[in-house]
Amino acid sequence: MLDFLRLRNNKNSLAERIEAHYLHYNPTFIQLDGGEKSLINNPDYHESSSFYQMIHNELVSFLIEGQSYDPLQIICAIRVKIEKIVYESLLTEVQKSTYIETHRTINKLNYAVEQGIEVPEEFFLLQPLFNDGLHMSNNENQNRNKVQSVCLKLDNFVVQRIVGNIHMNPASNLVLAHA
């Protein structure tokens, strides 16, 4: 997952697609092209729907005590699930389209509030957990510190309870059928 996150640092069309369709909720599935796939060894990353399935499964493993987990996949799942729950709360296609086109999770959440959606406070509280951890650099020490920080936060019982509640919300289901 770390190598995948580093690809977004390139500021090219692949980075934009990763950002919009993998690291944030987007109901439109995409598939990477041949050249893009060659940069990513894991086939679960080649289609956004497979990626959503993978991070969903990783979150399930995390929530079952004693299972090992990938902390970066967990925080990505948390972010995508939060964004999906809020997306499903929006009433019109115009609202949903504007929401998807909005950059940054905090801006999406604030947009939903402006549209009259009651966004749980926990969604705002978890933002530092996934926001910092999903922005990796080329500095290995800095990345290691970020991952360690994520792990410490994920070990917190209150965070685990909030994440469990998010996961149990039917609107957070990332196991989706192709449209």
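Between the alpha-carbon centres of the range 76-102 and the range 26-46 there is a gap of 22 Å. Between the amide H of residue 39 and any residue lying 5 or more places away or on another chain, no distance stays under 5 Å, with hydrogens modeled in the peptide plane. Dividing the helix sum by the residues of the chain, where each DSSP H run of 4 or more adds -39500 (n - 2.57), gives a mean residue ellipticity at 222 nm of -18500 deg cm²/dmol.
Taken together, the values in this text are just the output of simple stated rules run on the coordinates, not laboratory data. Predicted model only: the values in this text are computed from it and were never measured.
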